[in-house]
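Enquirer: Dropping the structure in here first, questions after.
The values are calculated or read from the model by the stated rules, or taken from the named source; none is laboratory data. All figures in this text were calculated on a predicted structure; none of them were measured in a lab. Every residue, glycine as well, gets a Cβ built from its backbone with ideal geometry; the counts of neighbours run over all protein chains shown.
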Amino acid sequence: MPKVSKTINRIIDANINRAKEGLRVCEEITRFILRSRSLTAELKEARHKISILLAALPRAGELIKGRYTLSDVGRDIYGSELKRKDCRDIFFANIQRVKESTRVLEEFTKLDNIKTAVAFKRLRYSIYNIEKKVMSRFSSSYCRR
C-alpha cells in the first residue's frame, strides 16, 4: 500500500476513535447526570452509526494496521484539554471533538465512498441537533464541584 494511503488510514482511524470516545463521554453525561433516556439513546445511536459506516469502507480492515500511537507527534499536545470547570464544560469539549472528527471523516471517506461521506455529513448535522438539546438541559446547578 502506498505511503499516502497508510497516512489516510491513520487519519480515518484516529478520527473514528476520537468521535466514538467523545460520544461515549457525552453519553455518560446524559445518562448519569442529566438522566435523559432519549438523549442517551440518541448519542448511543450516533456512536453505533460510526461503527456501521466504518464497516462500509473498503479500507476498514487496514485501519488498525496503520496505528502508531507511541510515535504519534500529536500524542503529548494538550492545550486546554487538561482544564475542565464542570460537567457542562466536559460535554462541550467532547461534543466539539465529535463534530470536528466527523467533519474529518466526511472529507477523507470521499476518497473511498461518497455515500459514506454523505452519511458522515448527515451524522455531523444530527450531532449539532443533539448538542442543542443537551445544552438546553444544563442548569447552573449541574456538575459543580
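Enquirer: Out of all the residues in the range 33-55, which are touching a Phe, Trp or Tyr at 6+ places or on another chain (Cβ under 8 Å) and either aromatic (Phe, Trp, Tyr) or part of a loop (DSSP other than H, G, I, E, B) (or both)?
Expert: Across the range 33-55, the qualifying residue is only Leu34.
Enquirer: Could you check Thr40 against (1) touching an Asp or Glu at 6+ places or on another chain (Cβ under 9 Å); (2) modelled with pLDDT under 95; (3) over 28 Å from Arg10 (Cα atoms); (4) not small (Gly, Ala, Ser) and say which number it fails?
Expert: All conditions pass for Thr40, except number (2).
Enquirer: Is it the case that Ala14 is among the small types (Gly, Ala, Ser), surrounded by 16 or more Cβ atoms within 10 Å (Cβ to Cβ) and at pLDDT 90 or above?
Expert: Considered against the rule, which asks whether it is among the small types (Gly, Ala, Ser), surrounded by 16 or more Cβ atoms within 10 Å (Cβ to Cβ) and at pLDDT 90 or above, Ala14 comes out as yes.
Enquirer: Scan the range 24-51 and report the pairs whose first residue is crowded, with 16+ Cβ neighbours inside 10 Å and whose second residue is among the small types (Gly, Ala, Ser), with Cβ atoms within less than 7 Å and a gap of 6+ or a chain change.
Expert: If the second residue must be among the small types (Gly, Ala, Ser), the pairs left are Thr30/Ser36; Ala46/Ser126; Ile50/Ala19.
Enquirer: Does any residue in the range 110-130 that is more than 14 Å from Leu23 (Cβ to Cβ) come within less than 6 Å, Cβ to Cβ, of a residue that is outside any loop (DSSP other than H, G, I, E, B) six or more places away or on a different chain, and which pairs are these?
Expert: Within 6 Å, the pairs are Lys110/Ala117; Thr116/Leu53; Thr116/Thr109; Ala117/Glu106; Ala117/Thr109; Ala119/Leu53; Lys121/Glu106.
Enquirer: Quick one: which of Val98, Val134 is modelled with pLDDT of 95 or more, out of contact with any Asp or Glu (no Cβ under 8 Å at 6 or more places or on another chain) and closer than 16 Å to Ala14 by Cβ? Full working, then the answer.
Expert: Numbers: Val134 fails: closer than 16 Å to Ala14 by Cβ.
Just a single option satisfies the conditions, and that option is Val98.
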